[in-house]
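Engineer: Structure incoming, see below.
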2 protein chains.
Amino acid sequence: MKSGKKSAGTKTAKGEQTKALILSTALELLQERGYEATTMRAIAAKAGVSLGNAYHYFSSKDQLIQAFYHRTHSDHVRVSLTALQKESSLKARLLSVIRLKIDTLEPYHEFAGVLFQTAADPHSPLNPFALDSAPVRRESIKLFEDLVAETKARIPSDLRAELPYLLWLYHMGIILFWIHDSSPKQARTYRLIDQTVDLLDKLISLASNPFMRPVRKRALKLVAELKNFETAV
Amino acid sequence: MKSGKKSAGTKTAKGEQTKALILSTALELLQERGYEATTMRAIAAKAGVSLGNAYHYFSSKDQLIQAFYHRTHSDHVRVSLTALQKESSLKARLLSVIRLKIDTLEPYHEFAGVLFQTAADPHSPLNPFALDSAPVRRESIKLFEDLVAETKARIPSDLRAELPYLLWLYHMGIILFWIHDSSPKQARTYRLIDQTVDLLDKLISLASNPFMRPVRKRALKLVAELKNFETAV
DNA sequence: GTCTATAACCGGATAGAC
DNA sequence: GTCTATCCGGTTATAGAC
């Protein structure tokens, strides 16, 4: 997955319609056949447009995948925000959000691998070491900010500040595991989530302990540096 | 990067030669021009063989990249083993090995991204959640076993058992960072290495403390499970 | 049976006419 | 905004040479 150029702006209502048609067709095919078998030609044909026209709206196959990612991301944020209203403890909140993420992605397990190969690409919006510039990623981390903000757990402010990013990173790790998980209904991933959330909760308490302060300070300084990494080339 | 079929065995001396020629030509071109610009046709042309012949020895462009990875990996193991003879503390040993890894990869920074996009592919030998089956990966972890084995730091045996895998995972993370690092001479990566090794050393001591036993036990059980994950599809 | 070559296929991407 | 024609490069089929 390469960094994407912008897709053509849709200036007219008709264009908007065509674009939406192409995207939904692509999603259907991706779900049915997986990534490789879903050729741009097949998408165009099924959507009843020419190949060239498909490229007019999505400048690459990647753009289509990005668009897919946006969609699942929005879905996830929406259901998560609802769920968060029902939970107050950090642990319960985190558990909900992560489980919902996997629930959201579930229909696309077959081809999700391709999506996250992206994380290794310096230009990807999922790049874990990039500045906050990519909107998807910023939004994605924002969810974890909300998650942390409204919990009343006693967490030192230095840790609290970095926790959203750390949890986002953790969630990326879970997704990576899930991609590889071929157990029935991805049961292993859900088990892993239960166990890791439990552990994380304990580790956060531990790290909040005053006598951990020096190590914590040092670790957090590192994390901040990691994050504010200049990726511009 | 897809999982690779086996390349044709080289049965004759001449074949061996041709194969080596193609590989070294590919490496040159990759270093000169990067991944995309190094087409199979260009490799074949520069090596003075036909396209079909190149494919006889490397059944895909991927295979070529894998072969490259093997080569840098062997280089790294070799220099690391030498370096390890000079260091006894865990911290110094780890620092050497990780720095040398980046040194080894340095000439290929330009196109390394492609290489590690692979890690997200369930069939990749770099897959962090696969069984130990892939030889490259097993060997790769073996280096960290050697690293840990001959250090006399007081580490509880449960942690000691998982430490090689954990350090390998850490080293993969460093590589991921390095791929994204466009600072001059990748200075940021080297700084990150210094800082993280320092921190890891402290964390290992901390985790070795008897009062950490419950958390440690729990975390290690998780790690073992993570690792012995059945990837077969 | 191992090598080597040529020709073709396929799918992502682009150019340019309408 | 839409199309057709074309490029380009990974990959495959296949046939002849050692």
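Computed from the coordinates by the stated procedures, all read-outs in this text should not be read as laboratory data. Keep in mind that what you see is a predicted model, and the values were worked out from it rather than measured. Note that we place each Cβ from the backbone using ideal geometry, even for glycine, and neighbour counts take in every protein chain shown.
Engineer: Partner chain Cβ atoms within 10 Å, averaged over the residues of B:135-143 - can you pull that number for me?
Structural biologist: Per residue, the number of nearby Cβ atoms from other chains is 0 on average.
Engineer: Let me ask something else. Past 21 Å, Cα to Cα, is the threshold; run A:Lys217/B:Lys152; A:Lys91/A:Lys152; A:Lys202/B:Lys221 against it and keep the listed order. Mind dumping the intermediate values first?
Structural biologist: Values: A:Lys217/B:Lys152 28 Å; A:Lys91/A:Lys152 11 Å; A:Lys202/B:Lys221 15 Å.
As for pairs spanning more than 21 Å Cα to Cα, those are A:Lys217/B:Lys152.
Engineer: Using +1 on the beta carbon of Lys and Arg, -1 on that of Asp and Glu, and nothing else charged, what's the dipole of region B:44-165 about the Cα centre, debye to 20?
Structural biologist: Here the size comes out at about 280 debye.
Engineer: For region A:89-153, compute the orientation-averaged projected area of the C-alpha convex hull (one quarter of its surface), in nm².
Structural biologist: Its Cα hull, projected and averaged over all orientations, spans 5.2 nm².
Engineer: I've got another one for you. Please enumerate, by chain and number, the lysines with C-alpha under 25 Å from the C-alpha of B:Lys61, excluding those fewer than 8 residues away in the same chain.
Structural biologist: Within the straight-line limit of under 25 Å, B:Lys61 reaches these lysines: A:Lys2, A:Lys61, B:Lys2, B:Lys5, B:Lys6, B:Lys11, B:Lys14, B:Lys19, B:Lys46, B:Lys101.
Engineer: Another one. For region B:13-57, what is the per residue volume of the convex hull drawn over the alpha-carbon atoms, in cubic angstrom?
Structural biologist: Expressed per residue, the convex hull around the Cα atoms of region B:13-57 is 55 Å³.
Engineer: Please sort by residue number the GluC sites (Glu not before Pro) in region B:1-98 whose DSSP state is loop and whose Cβ has at most 15 other Cβ atoms within 10 Å.
Structural biologist: Values: sites: B:Glu16, B:Glu28, B:Glu32, B:Glu36, B:Glu87; in loops: B:Glu36, B:Glu87.
Filter output for region B:1-98: B:Glu36.
Engineer: How far is helix B:157-180 tilted, in degrees, relative to the longest principal axis of the Cα atoms in chain B, given as a value from 0 to 90 rounded to the nearest 10?
Structural biologist: 50 degrees
Engineer: Is there a simple number for the mean count of other chain Cβ atoms within 10 Å of the Cβ of residues in A:192-203, and what is it? Walk me through the intermediate numbers first.
Structural biologist: Numbers: counts 5, 0, 0, 6, 3, 0, 2, 5, 0, 0, 4, 3.
Counting Cβ atoms of other protein chains within 10 Å of each residue's Cβ and averaging gives 2.
Engineer: For n ≥ 4 DSSP H runs only, could you compute -39500 (n - 2.57) per run for the protein assembly as shown, divide by its residues and tell me the 222 nm figure to the nearest 500?
Structural biologist: -23000 deg cm²/dmol
Engineer: Find, among the residues of chain A, the one whose Cβ sits nearest the axis of the rotation taking A to B; state the distance in whole Å.
Structural biologist: Residue with the nearest Cβ, plus whole-Å distance, for chain A: A:Gln117, 2.
Engineer: Defining a contact as two alpha carbons under 8 Å apart and six or more residues distant in sequence, what relative contact order in percent does chain B show?
Structural biologist: Value for chain B: 21 percent.
Engineer: A further question on this structure: Hey, how many Å between the Cα centroid of region A:62-127 and the Cα centroid of region B:19-53?
Structural biologist: 39 Å
Engineer: Oh, and also: To the nearest 10 degrees, how steeply does helix B:13-33 sit against the main Cα axis of chain B, on a 0 to 90 scale?
Structural biologist: So the helix axis and the longest Cα principal axis differ by about 70 degrees.
Engineer: Quick one: Debye curve from the C-alpha atoms of chain B, no solvent, what's log10 I(q)/I(0) at q = 0.07, 0.08 Å⁻¹?
Structural biologist: Once normalised to I(0) and log-transformed, intensities are -0.27, -0.35.
Engineer: Related question: Inverting the mean 1/r over all pairs of different Cα atoms, compute the Kirkwood radius of the protein assembly as shown and quote it in Å. Spell out each step's value before the answer.
Structural biologist: Values: mean 1/r = 0.0413 Å⁻¹.
Answer for the protein assembly as shown: a Kirkwood hydrodynamic radius of 24.2 Å.
Engineer: Please average, across the residues of B:107-115, the number of beta carbons from any other chain that are within 10 Å of each residue's own beta carbon, and give a whole number.
Structural biologist: 1
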